[in-house]
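S.K.: Can you read through this structure? Questions will come right after.
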Amino acid sequence: MNAIAPVLQTAPRIALVGNPNCGKTALFNALTGSRQKVANYAGVTVERKEGSFTTPEGRRVQVLDLPGTYSLRARSPDEEVTRDVVLGRFKGEAEPDLLVCVADATNLRLVLRLVLELKQVGRPLLLALNMFDIARHRGIEIDIGRLSAELGVPVVPTVAVRKAGTADLLKHIDTVAVELAGAASAGANTWHEPSAEEVRATHREADRIIKLAVRPPTKPDTWTTRLDAVLLNPVAGLLILLTVLFFMFQAVFTWAQPAMDGIKAGFDALAAWINGAMPDGILRSLITDGVIAGVGSIIVFLPQIVILFTFIILLEDFGYMPRAAFLMDKIMGGAGLHGRAFIPLLSSFACAIPGIMATRVIDNRRDRLATIMVAPLMTCSARIPVYTLIISAFVPDRTVGGVFSLQGLVMFGLYAAGILSALLVAFVMRRLVWRGTVEPFLMELPAYKVPDVKNLVMGVWTRAKAFLQRAGTTILSIMILIWFLSSFPGAPAGATDPAIDYSIAGMVGHWLQPLVAPIGFNWQITVALIPGMAAREVAVAALGTVYAVGGAGGGGEENVTALMDTLGHSWSLATALSLLAWYVFAPQCASTLGVVRRETNSLKWPLIMFGYMLTLAYLASFATYHIAASLGWA
Amino acid sequence: MHLSSRPAVSDAPAPDQDALPAPALTADARPLSRAAKGEVGRVIRVGLDGAPHDSLDPDELERRLLEIGFVEGARVEILHEGLFGRDPIAVKVDDMRVALRRREAEAILITAWQQPDASGATPRAVAEDRRS
Amino acid sequence: MAQQIVVGLIVAAALAWVLRPTVMRMVRRRQVAAGKAPGPCGSDNCNCGS
């Protein structure tokens, strides 16, 4: 990477390095404000956060927020990124001109060891003592001159959450930039992967420096101890966690509803306006049925994503996430999942898209992939319209045992089937496919901190923006392709059957018919399932179109009732149950597959997901249909 | 959050800093994985001395434990235990808190904690004397 | 007719976007095989540190 010569006078590049939970992201947000960009590093599923700011002397500085690590000895893809960028060997990434090691001033020991390791890289290095105000408040006295002299590295105190808290850092960056412009190049890189003995040696050195430069707190943090006594209590802690989760689930499910209805109404109005303003034709169909319906079906999830990430970031900033993982580790571990997997999986009950995005809280790649792969098995809200339609058309509305409604029981059974199959698939993946690589559960439980509002807003905003950009491009493309398949070729003049019947999707439906006959699907179901790929609930509207009840795009109450009657007459109970079983497993959501492609940065994982879910769906439907048929429900 | 409650090394610089620590097996030495809630101990050995471990390469496990603060001489205290099988455990390591499974805690050998000035020598110095 | 061209272009663009990463990876792999580009770090044809 030596080919890219840094042009220091114009845009020095700095990289933020530090332990996890050291307030590195808060400092990054304080430095860059809204001038930041979130994307993925080329070729890996690691989030790349870059921003820029201007120093008091008017220098424009590029800053890169690297994943947190305890050592340059990388153990996860995230830490590999940190190592490779720091060492200047990351493909397509310019070498940083200055490394800023960010430290939590109240917890210096491990970060000083990292500083000693970073020094070996030979690149200009600066230690930022973040949360300096909290340290001072606790009576921790840090002799900055001494610390700097012992480490051989400039040290500046910072307070990321306060307005002028980064002034010293900015001033220092200006000085360093001037020095760098004059100097030839960085010193020799003598870093190599430390052995256990070298790690011990740097620990001893860090201890020695702390003894010399830091006075222990006079007012230690007792809040963390007190809170942990309750929050990590084996029984009370789990109950509190379940309450928090229930509250989150409720919030994502119900608070988002008005906003989602509003967005949906907005897009419907837009489509109606275009339908009125443009002459009929394929371009209008593309815009309304493809683009607007497609974009609308994605953006409608934005409120859920905003609410979900508000909760996740609050819990993360507060320091609760590692505690929750601690409490859930044994339970999730039974299925071979990591303790942190439960938040993404819970979110997937609302929608697998935010759920899959939330898997970023899992550091280990395999744990994360296993979670991503089972997330769509959780019963998402888009399945509810389909479940409701079929259950109310086929399951008699009566009570069982005097208390439970039979329809409710069937609904519960479908949810349970989703959860059980997710645990089973995760178990198979982690215990049979990726055997022998059980990742250790080893994480710091940071001190609790009051979340910072600015940080929260920035975090949610960058997630929302990334969602719209990432999901928008890929998923929109897929929606356009599905629209194309469902609309071309158009119906011949004087056709009596619905137009979709003549389209490629219709033809595919007819071709696939022999394949799905064993699971009891008729061709109408098959054809409806194809546009249902756009979003699961679209299958309901598509069934309406195929059975020619309700007009184009009609999804009103009376249409659904009419459709229920039609289905009740033309399907057998076995077919209906088979379709329900299908919907538990089937990869009926192009958006989810698109997000998986974005998140894993490969086509391999969405294809594997599609394959295994399709297989499960077919087997489940086959079994359901034949058992139901043998019971005489055909 | 305490800083530097651990006795410092400068009191007794070890002459052979790169030598493998000899397993300082005293009578009450036992793995952290068998410690109960409330127990306080001192780490006397990190790593399995090459013995196989069922989750990670033993050398890798040793380095990870070291990097997160489990280092010879550190004071450890079991703060909390999980509900099922009393696993995982939350441990106070010097001035920070770490969560880990008992399976990984097997690789950490501890003895009962004594006050640093109990015998005139600091526990760290004792650990290092044994090493030489 | 103009409408059909516009629609055709949009659909082709969408298809290209969906297939882009796969194509990029294929091109990259071919370049690595031909020795025109360095391979990923740690692989046989990686340039790290040189």
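S.K.: With N denoting the number of residues in region A:13-221, provide Rg(C-alpha) divided by 2.2 N^0.38 Å, to two decimal places.
M.R.: Working it through for region A:13-221, the quotient is 0.97.
S.K.: Among A:423-433, B:80-90, A:61-71, what's the highest-first ranking by average C-beta atoms within 10 angstrom per residue?
M.R.: Those peptides, ordered most packed to least, come out A:61-71, B:80-90, A:423-433.
S.K.: Across peptide A:75-87, what mean number of C-beta atoms from other chains lies inside 10 Å of a residue's C-beta?
M.R.: So the per-residue partner count for this stretch is 1.
S.K.: Give the relative contact order (percent, whole number) for chain A; include only Cα pairs under 8 Å separated by 6+ residues.
M.R.: Once divided by the residue count of chain A, the mean separation gives 11 percent.
S.K.: What number, rounded to the nearest 500 deg cm²/dmol, is the helix-based mean residue ellipticity at 222 nm of the protein assembly as shown, given -39500 (n - 2.57) per DSSP H run of at least four residues and division by all its residues?
M.R.: Rounded to the nearest 500, it is -16000 deg cm²/dmol.
S.K.: For peptide A:441-449, how many partner chain Cβ atoms fall within 10 Å of a residue's Cβ, on average?
M.R.: 6
S.K.: With the solvent-accessible surface defined on protein heavy atoms using a 1.4 Å probe, which residues belonging to region A:186-218 display a reduction of at least 50 Å² in accessible area in the multichain context relative to the isolated chain?
M.R.: A:Ala196, A:Glu197, A:Arg200, A:His203, A:Arg204, A:Asp207, A:Lys211
S.K.: Output the relative contact order of region A:472-630, whole-number percent, from Cα pairs under 8 angstrom with separation of 6+ residues.
M.R.: Value for region A:472-630: 22 percent.
S.K.: Rolling a 1.4 angstrom probe over the protein heavy atoms, how many square angstrom per residue are accessible across the protein assembly as shown?
M.R.: That works out to 41 Å² for each residue.
S.K.: Continuing with the same structure: Once C and A are treated as a pair rather than alone, how much accessible area drops out, both sides summed, in Å² to 100, probe 1.4 Å?
M.R.: 1700 Å²
S.K.: Pairs A:Lys49/A:Lys91; A:Lys219/A:Lys449; A:Lys49/A:Lys330; A:Lys219/B:Lys92; A:Lys37/A:Lys91; A:Lys219/B:Lys37: which exceed 21 Å Cα-Cα?
M.R.: Among A:Lys49/A:Lys91; A:Lys219/A:Lys449; A:Lys49/A:Lys330; A:Lys219/B:Lys92; A:Lys37/A:Lys91; A:Lys219/B:Lys37, the Cα-Cα distance tops 21 Å for A:Lys49/A:Lys330; A:Lys219/B:Lys37.
S.K.: Continuing with this model, one more query. With only alpha-carbon atoms counted, please give the Rg and Dmax of chain A, in Å.
M.R.: Computed over the Cα atoms of chain A, radius of gyration and Dmax are 28.2, 91 Å.
S.K.: Against the globular-protein guess of 2.2 N^0.38 Å, express the Cα radius of gyration of region A:472-630 as a ratio, rounded to two decimals.
M.R.: 1.06
S.K.: If you count, for every residue in A:229-238, the Cβ atoms of partner chains within 10 Å of its Cβ, what is the mean?
M.R.: 3
S.K.: Counting alpha carbon pairs within less than 8 Å and at least 6 residues apart, what relative contact order, in whole percent, applies to region A:69-147?
M.R.: 27 percent
S.K.: Here's a follow-up. If DNA, RNA and ligands are ignored and the probe is 1.4 Å, what is the ranking of A:Met507, A:Met533, A:Met357 by accessible area, most exposed first?
M.R.: Largest to smallest exposure gives the sequence A:Met507, A:Met533, A:Met357.
S.K.: Charges at C-beta only: +1 for Lys and Arg, -1 for Asp and Glu. How large is the resulting dipole of the protein assembly as shown about its Cα centre, in Debye rounded to 20?
M.R.: 500 debye
S.K.: Would you be so kind as to identify all helices of chain A, as entire DSSP H runs, whose Cα atoms reach 18 Å or more along the helix's own axis and whose mean Kyte-Doolittle hydropathy is at least -1.0?
M.R.: What comes out of the filter, once short or polar helices are dropped, is A:167-182, A:196-213, A:236-250, A:256-277, A:302-318, A:406-427, A:453-487, A:557-570, A:573-585, A:604-630.
S.K.: What residues qualify as long-range amide H neighbours of A:Ser602, i.e. H under 5 Å apart, gap of 5 or more or another chain, H built at 1.01 Å from N?
M.R.: none
S.K.: Continuing with the same structure: For region A:472-630, with the dipole built from +1 on Lys and Arg beta-carbon atoms and -1 on Asp and Glu ones, taken about the Cα centre, which of A:Thr624, A:Thr592, A:Ala581 lies farthest toward the positive end?
M.R.: Positive-end residue among those listed: A:Thr592.
S.K.: Quote the Stokes-Einstein diffusion coefficient, in whole µm² s⁻¹, for region A:217-347, based on the Kirkwood radius over alpha carbon pairs, a temperature of 25 °C and a viscosity of 0.890 mPa s.
M.R.: 136 µm²/s
S.K.: Something else about it: Tabulate in residue order the Karplus-calculated ³J(HN,Hα) for region B:33-42, using 6.51 cos²θ - 1.76 cosθ + 1.60 with θ = phi - 60°, rounded to whole Hz; enter x for Gly and Pro.
M.R.: Computed from phi, the couplings for region B:33-42 are 5, 9, 6, 9, 4, x, 6, 10, x, 10 Hz.
S.K.: Given a 1.4 angstrom probe, I'd like the percentage of the accessible area of chain A that is carbon and sulfur, rounded to a whole number.
M.R.: In chain A, the share of accessible area belonging to carbon and sulfur is 65 percent.
S.K.: Here is a further query. In terms of the Cα gyration tensor, with a ≥ b ≥ c the square roots of its eigenvalues, is region A:282-419 rounded because a/c is under 1.5, prolate because a/b exceeds b/c, or oblate?
M.R.: Judged from the Cα gyration tensor, region A:282-419 comes out oblate (a/c at least 1.5, b/c at or above a/b).
S.K.: Measuring from label point to label point, each 7 Å out along Cα→Cβ, what is the A:His137 to B:Asp49 span in nm?
M.R.: 4.8 nm
S.K.: Counting only residues 5 or more places away or on other chains, whose amide H sits under 5 Å from the amide H of A:Ala535 once H atoms are built in the peptide plane?
M.R.: The answer is A:Ala590.
The values are calculated or read from the model by the stated rules, or taken from the named source; none is laboratory data. Owing to the predicted nature of the structure, the values given are computational and were not obtained by experimental measurement. Note that each Cβ is placed from the backbone with ideal geometry, even for glycine, and that neighbours are counted across all protein chains shown. Heads up: the accessible areas ignore ligands, DNA and RNA and are worked out on the full protein's heavy atoms, side chains in. Shrake-Rupley method; radii C 1.70, N 1.55, O 1.52, S 1.80 Å.
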